[in-house]
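Peer 1: Just dropping this structure here.
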Amino acid sequence: MPIAPLKKKIFSGTSKIFDGTLERILNEIITAVNSGGGGGEPAPVTWNNVQDKPAIIAAGATQEAARAAIGAGTSNLAIGAGGDQAAAGNHTHADLATQADLTALAARVTALENAG
């Protein structure tokens with residue numbers, strides 16, 4: 001069912017909104033909707049009519065299927081201590097300063113700066 005255009009002088013007042021501009025803009029929108037931009041059932045959305053979609057989609061019922069769809073597979077990186085291995089999540093670095101070391105160093109720097 002088409003939308004009826006607004007009647008003249010439906011809005012009144014002194015600002016630009018009420019000088020006929022608002023009525024004109026709304027009637028342009030109503031005309032556009034009535035000429036094909038609305039009413040009836042919307043067209044179904046399918047993958048083929050989605051615009052700006054990525055070139056590659058990792059689609060699959062499971063994570064493994066999605067990785068296989070884009071050729072990602074899984075990593076074969078071994079956990080270890082070598083340069084070609086990934087470090088374990090619970091590893092430590094013995095040669096790094098601890099927070100206590102950094103706090104003590106900051107105190108020493110401050111003392112040296114204030115000694116002058």
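The values are calculated or read from the model by the stated rules, or taken from the named source; none is laboratory data. Keep in mind it's a predicted model, so treat the numbers as computed, not measured. Positions of Cβ are generated from backbone atoms using ideal geometry, with glycine treated the same way; all protein chains shown enter the neighbour counts. Side chains are part of the model used for accessible areas, which takes the heavy atoms of the whole protein and leaves out ligands, DNA and RNA. Shrake-Rupley method; radii C 1.70, N 1.55, O 1.52, S 1.80 Å.
Peer 1: Do we find a residue being surrounded by 10 or more Cβ atoms within 10 Å (Cβ to Cβ) and part of a loop (DSSP other than H, G, I, E, B) anywhere in the stretch 64-79?
Peer 2: Looking for residues that are surrounded by 10 or more Cβ atoms within 10 Å (Cβ to Cβ) and part of a loop (DSSP other than H, G, I, E, B), one finds at least one in the stretch 64-79, hence yes.
Peer 1: Could you please find all residues in the stretch 47-58 being among the small types (Gly, Ala, Ser) and open to solvent by less than 60 Å² (accessible area, probe 1.4 Å)?
Peer 2: Selection gives Ala58 alone.
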